[in-house]
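Quick notes on the structure that follows.
The values are calculated or read from the model by the stated rules, or taken from the named source; none is laboratory data. Only a predicted model underlies this, so the values are computations on that prediction, with no experimental measurement involved. We place every Cβ from the backbone using ideal geometry, glycine too, and count neighbours over all the protein chains shown.
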Amino acid sequence: MTAVARAFAVAVAAVVAAVVTILVWPHSSAPSRAAEQPERLPASPKPAFVVPRPVRLSHSVAVSYWASVREEALARMAPSAGAPAVADLSTTTPEGTTNIVLVLGRRTDGSGRLWVHVRLPVLPNGRTAWVPRRALGVYGVVHAHLVVNLEGLTATLLRDGRPVFRASIGVGQPQWPTPRGQFYIRNVLTSFSSPFYGPVAFGTSARSSVLTDWPAGGFIGIHGTDAPQVLPGRVSHGCIRLRNEDIVRLWKLMPVGTPLTIR
Amino acid sequence: MPDLTLEELDRDGAIQEAVQAVSGDTRAAFLGKAAVGGAALLGALAAPELAGAAATSDVAILNYALTLEYLQSAFYTEAERLGAIKGKLAPIPPQLGAVERAHVKAIKAALGRAAVKRPAFDFQGVTENQTKFLKTAVAFEDLGTAAYKAQAARIKSPALLAAAVSIHSVEARHAAWMRFLAGAIPAASAFDQGKSIPQVRAIVASTHFIAAHPKKTSRKKPKYTG
């Protein structure tokens, strides 16, 4: 072998040795890279919170729905823009709260417009009608139902069909009868100063069919009293009176939008 | 219907409070709200569940996520309760509603007293119309997925990031399911883009779904028949 050939062989051997060294030794020769091996990475952090198991809604038959009135609208006898109007719906109540209606059903008309069947706070009592969905706003849901018994002079609040409250009541005198029928709770008034109405007064959709010229429309309320000694009895102008401790207890249990049956 | 500002739509300030806290917006309008909104954020710093574990911005991001979860859970829950979604879409409200409510529950528990209040929602009949319901479900799930993604890199706490991505992947599954039902390609691109806070804010505002809470109480003296 010539000197040139030996020098070339040595050079080739050196290059091969260098390549083999790079390929074989890189990981063990660099301690700082050890942590980059997946099996040597630290454990993933424990999540700050865990999402609980999803829970389906309970389907109670005692659920009711109400809707706020977003725009003034005509309530009509049928789900059609051409149907006769039966009432004007305003957006607020005489007490300054948002006007609400009880939702009974829905239907889409031939032109694709959605109508909602609602119970109205108008005379004659018990009237229902159809309102365009666009006139309504927020929907609410309630699981309560207040039943007033005019014969037994009791008010019973049901939640999911089970009684959770019962109290003796005062109702209308014979010349100012408390109306019978299906109604709902429209609002609740508190922090006013009137011993006659007690500490809390619920507004209802029921109206006196006798005292039609009463201020603010003759609506029937459910409220406290400054004469608890006359309860139970037929003592009012149509309103449903409870002892103050009872109306306060009811206030904590009964949401606005609760259906009201007076029988 | 004329376009409304976010301030008009979001009267309770839930979205705005969360969005502005995350984005670091220092507008006078936000400072004006500080007496109310700032109290929630200060409270967040002291929230026992996250105290010492999350930066202020993490709490704000959680509240931002909570507001979006409120929107989604209210949407599916209302649809289920009203019972107007039928046929092949009928399983969606109960399934997705339960999951979104679980998200709300978890995030609210993590935030404790610092959690923003639930806004009121007016879905304007969308929860009662098959076609509009599905279209909105696709939009909401895409939006939720993109919103989580955009905030992931901003979350400082690794533990909070781990929790957030556990929700993000579920939102992505929902998005794919809704897209499939709507006849759209579930995963149309190789890489997804997040949506920034202004983008999310504009989309939420454009729905007009956030409403004022109905006024149910008054201090007026009753005029009932007595």
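Residues in the range A:203-217 that are within 9 Å of chain B (Cβ to nearest Cβ) and at pLDDT 95 or above: A:Gly203, A:Thr204, A:Arg207, A:Ser208. So, A:Leu260, is that one surrounded by 18 or more Cβ atoms within 10 Å (Cβ to Cβ), under 25 Å from A:Val138 (Cβ atoms) and touching a Ser or Thr at 6+ places or on another chain (Cβ under 6 Å) or not? Spelling it out, A:Leu260 is indeed surrounded by 18 or more Cβ atoms within 10 Å (Cβ to Cβ), under 25 Å from A:Val138 (Cβ atoms) and touching a Ser or Thr at 6+ places or on another chain (Cβ under 6 Å).
The condition (being modelled with pLDDT under 65 and surrounded by 10 or more Cβ atoms within 10 Å (Cβ to Cβ)) is satisfied by just one residue among A:Thr21, A:Thr98, A:Thr91, A:Thr2: A:Thr21.
The numbered conditions (1) within 9 Å of another protein chain (Cβ to nearest Cβ); (2) farther than 16 Å from A:Phe196 by Cβ; (3) modelled with pLDDT of 95 or more are all true for A:Arg249 except (1).
Per this entry, A:Val131 is not counted among residues that are in contact (Cβ under 8 Å) with a residue 24 or more places away in the chain, farther than 19 Å from A:Trp251 by Cα, surrounded by 17 or more Cβ atoms within 10 Å (Cβ to Cβ) and within 9 Å of chain B (Cβ to nearest Cβ). Just so you know, in the range B:50-76 the residues that are of a type in the set (S, T, N, Q) and crowded, with 22+ Cβ neighbours inside 10 Å include one that is nearest to B:Gly112 (Cα to Cα), and it is B:Asn63. Of all residues in the range B:111-121, exactly one satisfies the criterion of being more than 14 Å from chain A (Cβ to nearest Cβ) and part of a helix (DSSP H, G or I), namely B:Arg113. Checking every residue in the range B:78-93 against the condition of being within 16 Å of the chain's Cα centre (by Cα), surrounded by 22 or more Cβ atoms within 10 Å (Cβ to Cβ), part of a helix (DSSP H, G or I) and more than 8 Å from chain A (Cβ to nearest Cβ) gives zero matches. Here A:Leu153 meets each of (1) closer than 14 Å to A:Thr261 by Cβ; (2) touching a residue at least 60 places away in the same chain (Cβ under 8 Å) with one exception, condition (1).
Scanning the range B:200-222 for residues that are out of contact with any Pro (no Cβ under 9 Å at 6 or more places or on another chain) and either without any contact (Cβ under 8 Å) to a residue 24 or more places away in the chain or hydroxyl-bearing (Ser, Thr, Tyr) (or both) gives B:Ala202, B:Ser206, B:Thr207, B:Lys215, B:Thr217, B:Ser218, B:Arg219, B:Lys221, B:Pro222. Would you say B:Lys105 is closer than 23 Å to B:Pro198 by Cα and part of a helix (DSSP H, G or I)? In short, no.
Here's a check for you: in the range A:140-176, which residue that is outside any strand (DSSP E or B) and surrounded by fewer than 17 Cβ atoms within 10 Å (Cβ to Cβ) is nearest to the chain's Cα centre (by Cα)? Per the stated criteria, the residue is A:His143. For the range B:147-158, the count of residues that are free of Cβ contacts under 8 Å to residues at least 12 places away in the same chain and closer than 19 Å to B:Ile197 by Cα is at least one. Just a yes or no: is a residue in the range B:135-154 under 19 Å from B:Leu89 (Cα atoms), charged (D, E, K, R) and touching a Lys or Arg at 6+ places or on another chain (Cβ under 7 Å)? There is no residue in the range B:135-154 that is under 19 Å from B:Leu89 (Cα atoms), charged (D, E, K, R) and touching a Lys or Arg at 6+ places or on another chain (Cβ under 7 Å). Picking from residues in the range A:105-128 that are away from chain B (no Cβ under 12 Å) and surrounded by fewer than 16 Cβ atoms within 10 Å (Cβ to Cβ), the one that is nearest to A:Arg180 (Cα to Cα) is A:Gly126. Can we say A:Val248 is aliphatic (A, V, I, L, M), part of a strand (DSSP E or B) and surrounded by fewer than 21 Cβ atoms within 10 Å (Cβ to Cβ)? The answer is no for A:Val248.
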